[in-house]
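The values are calculated or read from the model by the stated rules, or taken from the named source; none is laboratory data. All values derive from a computational prediction rather than experimental measurement. Neighbour counts are summed over all protein chains in view; Cβ atoms, including those assigned to glycine, are modelled from backbone coordinates with ideal geometry.
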2 protein chains.
Amino acid sequence: MTCPPANQNSYPYQNEPIWSRSEKAVARTAFDAALGRELHELIQQAKKMARQIQGSSDLWDLEHYLTQRRKEIDRKYDYRYSQLTRVFGILLYEKRLRVEELRGLREDKLKLIHSCAEFLAKDAA
Amino acid sequence: MTCPPANQNSYPYQNEPIWSRSEKAVARTAFDAALGRELHELIQQAKKMARQIQGSSDLWDLEHYLTQRRKEIDRKYDYRYSQLTRVFGILLYEKRLRVEELRGLREDKLKLIHSCAEFLAKDAA
């Protein structure tokens, strides 16, 4: 899932916002909370799928599902400051994060995060 | 898991026993029964591991375990007539197959199967 206006492929990242110490703390808490919720949800889903296994095809479906979800989560939860506004934009769009959890971030980041979330919402419409 | 005296890497397989129609039927039944039991056991184990998941590391352990077991089972259950005496030797050694289930195979195959199982038992001792 991509989201402008992140400069994902260029390094060093020009126009990349600078994160203050207090913003980093807010970001870490919000990031960990969203990841924790997504993992909790996935664990419940895995337990449910396992309970419902009746034959080997259900078993390999579970394996495949877990592999896909692991890769997706690894890709999505990228805690690099150059990526964080994009990551939070995606999490906001997916309703895995509430705006209140980002309280304490400066306006420059919030703008980028909202613009990413809105772009994804329009893209999906 | 390897087992002499299979000629695994040569083709066409010299000295490869010829399987009669009735032997093929016995082989298919024994093969499917062993595979079915192994899959059943694996499903029970997966369900148990899923029930016991408490955090994400348990979840990824389950995924890794299922992937490893799938690869192992794919490798082991090789239903090519050129491989079957080796496969049955392994299954006998692992106690996933009872000698009685091979009743109906001719002496040439039983000898190869037992020699493979004995080789593995000695190798593990």
Completion exercise
Taking region B:75-92 and keeping residues buried (at least 21 other Cβ atoms within 10 Å of the Cβ) and more than 11 Å from B:C3 (Cα to Cα) leaves B:L84, B:L91, B:L92
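Return yes or no: is B:R21 farther than 19 Å from A:I53 by Cβ and more than 12 Å from the chain's Cα centre (by Cα)?
Values: farther than 19 Å from A:I53 by Cβ: yes; more than 12 Å from the chain's Cα centre (by Cα): yes.
It is true that B:R21 is farther than 19 Å from A:I53 by Cβ and more than 12 Å from the chain's Cα centre (by Cα).
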Handout entry: Verdict on B:G36 being of a type outside the set (F, W, Y), modelled with pLDDT of 95 or more and more than 29 Å from A:K71 (Cβ to Cβ)
Key = yes
Exercise for the section: Take the residues in region B:28-50 that are aliphatic (A, V, I, L, M) and closer than 13 Å to A:A46 by Cα, then tell me which one is surrounded by the fewest Cβ atoms within 10 Å (Cβ to Cβ). Expected result: B:M49
Practice task
Name the single residue, out of those in region B:51-74 being at the interface with chain A (Cβ under 9 Å from one of its Cβ atoms) and more than 27 Å from B:L91 (Cα to Cα), that is surrounded by the fewest Cβ atoms within 10 Å (Cβ to Cβ).
Solution key: B:Q54
